[in-house]
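In what follows, a single structure is set out as structure tokens and then discussed.
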Amino acid sequence: MAGRKMAVLVVSEAERLELTLLSSRRKTAQALALRARIVLECAQGMENREVAARLRVAKGTVGKWRRRFVEHLCVPKT
């Protein structure tokens, strides 16, 4: 069964470094750390269901943060 097409998620080295730091810092809020881990896993080319299973979150949660990260990147910076 075909679902919706996944948004392609590509992160730069600077973004990858920042997300890695956020996901591993002890003082980072856990919700923020989880979002960083989701984005990092998605950037490795994994499907939402794979990321959800690895991180033990809902597939919809992964889809939401993948989509939000991609949309954020498409916003022109002024």
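Every number in this text was worked out from the coordinates using simple rules, so none of it is lab data. Nothing here was measured: the structure is a model prediction, and the numbers come from that model. Don't worry about glycine lacking a Cβ; one is built from the backbone with ideal geometry, like all the others, and counts go over all protein chains shown.
Sorted on the mean count of surrounding Cβ atoms within 10 Å across their residues, most packed first, peptides 37-43, 24-30, 7-13 read 37-43, 7-13, 24-30.
Largest mean-square fluctuation among 58, 36, 14, in a Gaussian network model of the chain whose springs join Cα atoms under 10 Å apart, belongs to 14. Taken along the Cα-to-beta-carbon direction at a fixed 7 Å, the label points for residue 67 and residue 17 span 3.2 nm. Rounded to the nearest whole Hz, the Karplus-based 3J(HN,Hα) values (6.51 cos²θ - 1.76 cosθ + 1.60, θ = phi - 60°) of the range 42-50 follow the sequence 5, 5, 7, x, 6, 7, 4, 5, 5, with x at glycine and proline.
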